[in-house]
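Single-structure report; data block below.
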Amino acid sequence: MKITKTQNKSALTFALEGRLDTTTSPELEKELKASIDGIDDLTFDFSALEYISSAGLRVILAAQKIMNTQGKMKVCGANADIMEVFDITGFTDILTIEK
């Protein structure tokens, strides 16, 4: 998985490419922990993300919990397969998702 981080003042975007799974989710978790202090607008760009596993969902959920206390978070660009995972797991009720 490739992670591209873009920060503009207190807004941070993570563009993810490839697969967010058991192997790659620790890398995203590490990047989040190192970058999230002082951020009040977090965006995950899933335009190039092909797959998300339960391990990836756990990292996204942890980020949402943090952002609930310090700002807002959204997910954009999720493909149909990832949207199906979000629907099945109930994440569509938890996350702000933009097409």
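In the chain, the calculated helix contribution to ellipticity at 222 nm averages -12500 deg cm²/dmol per residue, counting -39,500 (n - 2.57) for every DSSP H run with n ≥ 4.
Ranked by the mean number of other Cβ atoms within 10 Å per residue, highest first, peptides 80-91, 58-69 order as 58-69, 80-91.
Under the simplified labelling scheme, the ARG58-LYS33 pair shows an inter-label distance of 1.3 nm, with each label point 7 Å from Cα along Cα→Cβ.
As I understand it, the value is the acute angle between the Cα axis of helix 25-35 and the longest principal axis of the Cα atoms of the chain; what does it come to in degrees, rounded to 10? Once rounded, one gets 20 degrees. DSSP finds beta bridges in the chain, and of those with both partners inside it, around 30 percent are antiparallel. Placing dummy labels 7 Å off each Cα toward the beta-carbon, the span from SER10 to ALA80 is 4.0 nm. Straightening the chain between THR96 and ILE3 buys 31.4 nm, computed as 0.36 nm per residue apart minus the Cα-Cα spacing.
Throughout, read-outs are computed from the coordinates displayed, never taken from laboratory work. Just so we're clear, the structure is a prediction, and the values are computed from it rather than from any experiment. We place every Cβ from the backbone using ideal geometry, glycine too, and count neighbours over all the protein chains shown.
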